[in-house]
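The values are calculated or read from the model by the stated rules, or taken from the named source; none is laboratory data. Since this is a predicted model, take the numbers as computed values, not measurements. Positions of Cβ are generated from backbone atoms using ideal geometry, with glycine treated the same way; all protein chains shown enter the neighbour counts.
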Amino acid sequence: MKKQLLVLMVILPVIMISCSMGDNTFIASGYSGNGAADVLLCRLNGNGSIGKISGITVGNNPSFFTFGKEGLIYLVNEVDTFDMKAGGGITTLRYNKKSNSLEIVGSMNQGGGGPCHIEVSVDGKYLITANYGSGSVSVVRLDSEGIPEKVTDVIFYGERSHPHMTIHNPRLHTYYVSDLGLDRVHQLKLDTTLGLLMNADIAYFSSEPGSGPRHMAIDKSSANLFVINELNSTMSVFNILSDTVTVKQTVSTLPQGYAEKSYCADIHLSRNGKKIYGSNRGHNSIVTFRVGVDGNLSEPVHRGCGGNWPRNFAVSPSGKLFLVANQRSNDVTVVSEGGKSDEAVSKMSLNAPSCVRFLK
């Protein structure tokens, strides 16, 4: 019995550490430069420090990514020409859990220039990319193994268009695409047999002229869509319970009286949906709002991002820390969610980081 107890005492901490490592493993990617690794596999340690596990050089600006099944990772290559053809790319990686490494599975041209966001369709059969450079949205079919195999649709919205993100509303079976150039959010339905996007009954709803809707978040009830607007540094709350979308509230993401140039980037809800966060590039801060039961937002609270030009960020599984991709200071920083100091808890170097996400 004593031996069994001793074995248990030895094994239990290992299991606990292993679980903790899995929960806090993350990937960071950025713009390519000097042949260095532009995608890193890392771990956020309990004390807030970052441990690099491995890295890989993908090339062609793997600026944003999302996760697929069985360890697959889909990255957009934010370029205008890929594989000697007009359009950007999709590079597929696989995370090997045993060796704690990333390997390239394949790549392809996805038909739209300057892709900056990628999303897996809710049925898991397609990828949808928002192509900022060419003002378009692409749909790519996945094969039975989850590997991209064919472009099934590309929708062009015109020269002024700059799509930036796609998000799905499970309640209305609708995909929203924020269009920074046209100051609108497109409402689309996906034909999952043909891989074609079609306008919803109402093709789009508009934001304030000159606001530049960039990234979005949707609450668990699919009643409210939160949109962070890059160009006028605001966050808007839209009632999306029906096709006739109305704006409920628009608030500034900056402190009162701040007059210098700043541009919003990313947005995330807390796990319980009671807080929402956004990043300010220029003011170099993470803004926090409390979310009321009606979806309306409180007065903002700000904390420094620990670097320069916070592009994308992620909230740690504990909800107590932020990982921030600071594009201009070439680092990923860790800052405390409730901290008052503008200093980072820790930081890691990466050329022009633009996306950071915890493994699911």
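Table: residues versus (1) buried (at least 18 other Cβ atoms within 10 Å of the Cβ); (2) within 14 Å of the chain's Cα centre (by Cα); (3) within 13 Å of Leu41 (Cα to Cα).
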position	(1), (2), (3)
Gly319	no, no, no
Leu323	yes, yes, no
Gly338	no, no, no
Glu343	no, no, no
Asn351	no, no, no
Cys355	yes, yes, yes
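Applying the condition of being more than 16 Å from Phe238 (Cβ to Cβ) and without any contact (Cβ under 8 Å) to a residue 24 or more places away in the chain to the stretch 189-214 and asking which residue is surrounded by the fewest Cβ atoms within 10 Å (Cβ to Cβ) yields Thr193. Looking for something polar (S, T, N, Q) and surrounded by 23 or more Cβ atoms within 10 Å (Cβ to Cβ) - is there at least one such residue anywhere in the stretch 38-58? Checked against the condition, which is being polar (S, T, N, Q) and surrounded by 23 or more Cβ atoms within 10 Å (Cβ to Cβ), the stretch 38-58 yields no hits at all.
From the list Asp123, Asp153, the one residue that fits, being among the acidic types (Asp, Glu) and under 26 Å from Asp183 (Cα atoms), is Asp153. Scanning the stretch 216-262 for residues that are among the aliphatic types (A, V, I, L, M) and assigned to a loop (DSSP other than H, G, I, E, B) yields a total of 7. For the stretch 58-72, a residue qualifies if it is within 19 Å of the chain's Cα centre (by Cα) and either assigned to a loop (DSSP other than H, G, I, E, B) or among the hydrophobic types (A, V, I, L, M, F, W, C) (or both), and the qualifying residues are Val58, Asn60, Asn61, Phe64, Phe65, Phe67, Gly68, Lys69, Gly71, Leu72. Identification of strands (runs of 3 or more DSSP E) wholly contained in the stretch 263-359 with 3 or more residues that are more than 20 Å from Thr253 (Cβ to Cβ) and at pLDDT 95 or above yields 331-336, 346-349, 353-358.
So that you can scan it fast, the table gives a plain yes or no per residue for (1) buried (at least 23 other Cβ atoms within 10 Å of the Cβ); (2) out of contact with any Leu (no Cβ under 8 Å at 6 or more places or on another chain); (3) among the acidic types (Asp, Glu):
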{"position": "Gly106", "(1), (2), (3)": "no, yes, no"}
{"position": "Gly112", "(1), (2), (3)": "yes, yes, no"}
{"position": "His117", "(1), (2), (3)": "yes, yes, no"}
{"position": "Ser121", "(1), (2), (3)": "no, no, no"}
{"position": "Leu127", "(1), (2), (3)": "yes, no, no"}
{"position": "Ser134", "(1), (2), (3)": "yes, yes, no"}
{"position": "Val139", "(1), (2), (3)": "yes, no, no"}
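Kindly check whether there is at least one residue in the stretch 241-264 that is without any contact (Cβ under 8 Å) to a residue 40 or more places away in the chain, of a type in the set (Lys, Arg) and either under 24 Å from Ala325 (Cβ atoms) or surrounded by 22 or more Cβ atoms within 10 Å (Cβ to Cβ) (or both). There is at least one residue in the stretch 241-264 that is without any contact (Cβ under 8 Å) to a residue 40 or more places away in the chain, of a type in the set (Lys, Arg) and either under 24 Å from Ala325 (Cβ atoms) or surrounded by 22 or more Cβ atoms within 10 Å (Cβ to Cβ) (or both). Residues in the stretch 141-157 that are out of contact with any strand residue (DSSP E or B) (no Cβ under 8 Å at 6 or more places or on another chain) and either crowded, with 20+ Cβ neighbours inside 10 Å or of a type in the set (D, E, K, R) (or both): Glu145 only. Taking strands (runs of 3 or more DSSP E) as the structural unit, those lying wholly within the stretch 73-186 and holding at least 2 residues that are modelled with pLDDT of 95 or more, over 19 Å from the mean Cα position of the chain (by Cα) and within 28 Å of Arg43 (Cβ to Cβ) correspond to 101-109. Run down Lys52, Lys69, Lys85 and say which single residue is under 13 Å from Leu102 (Cβ atoms) and basic (Lys, Arg). Within the list Lys52, Lys69, Lys85, the selection yields Lys52.
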